[in-house]
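Single-structure report; data block below.
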Amino acid sequence: MEPQRPRPLSPHLTIYRWPVTMASSITHRPTGIALSAGTVVLAWWLVCISNGPEAYQGFLAVAVSPPGLVILFGFTWALLPHALGGILHLIWDLIYGLAPAAREMLTIATLVGSIALTIVVWIVGSLAL
């Protein structure tokens with residue numbers, strides 16, 4: 001009978017480096033939950049629009065309050081990484097950008113792009129008012 005080799009130890013969280021792609025995948029889940037909650041707000045907005053000016057003014061009073069703006073900003077940010085992540089996965093499905101360096105760069109571009117696009121959407125939206 002052979003002597004047993006010691007089993008390898010798993011790397012501890014303090015020394016293990018999380019790849020950006022893994023952090024992006026983990027972030028995808030809470031933003032998906034935020035999108036679900038945001039869809040309820042979107043449905044509320046549509047109901048208020050269809051029920052006339054008084055109902056819409058009630059929604060608007062909540063939406064332009066500081067907590068309402070934070071929720072709308074968060075909904076906007078949650079939407080954009082999902083959209084850019086879909087484009088990223090389309091690129092990967094077409095078998096482009098699969099090298100480790102390209103994966104990291106595309107994932108970082110998705111994160112930075114979602115933040116930048118969120119800011120741009122809010123600037124354009126505020127200028128349109």
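The values are calculated or read from the model by the stated rules, or taken from the named source; none is laboratory data. What you are looking at is a predicted structure, and each value in this text was computed from that prediction instead of being measured. Cβ placement follows ideal geometry from the backbone for every residue including glycine, while neighbour counts extend to all protein chains displayed. Quick note on the areas: whole protein, heavy atoms, side chains included, nothing else; ligands and nucleic acids left out. Shrake-Rupley method; radii C 1.70, N 1.55, O 1.52, S 1.80 Å.
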Considering only the stretch 87-129, state which residues are within 13 Å of the chain's Cα centre (by Cα) and closer than 21 Å to Phe73 by Cβ.
Thr110, Leu111, Val112, Gly113, Ser114, Ile115, Ala116, Leu117, Thr118
Single residue of Val40, Val62, Val70, Val47 found to be within 17 Å of Thr118 (Cβ to Cβ), free of Cβ contacts under 8 Å to residues at least 12 places away in the same chain and more than 13 Å from the chain's Cα centre (by Cα)
Val70
If the Cβ limit is 9 Å and pairs must be 6+ apart or interchain, which residue in the stretch 100-113 that is farther than 16 Å from Pro81 by Cβ pairs with which residue that is open to solvent by 90 Å² or more (accessible area, probe 1.4 Å)?
Ala102/Tyr96
Between a residue in the stretch 16-34 that is touching a residue at least 12 places away in the same chain (Cβ under 8 Å) and any residue that is open to solvent by 60 Å² or more (accessible area, probe 1.4 Å), which pairs come within a Cβ distance under 7 Å, given they are 6 or more apart or on different chains?
Val20/Ile108; Thr21/Arg103; Ser24/Leu111
Does the stretch 1-22 contain at least one residue that is assigned to a helix (DSSP H, G or I), modelled with pLDDT of 90 or more, touching a Gly at 6+ places or on another chain (Cβ under 9 Å) and surrounded by 13 or more Cβ atoms within 10 Å (Cβ to Cβ)?
no
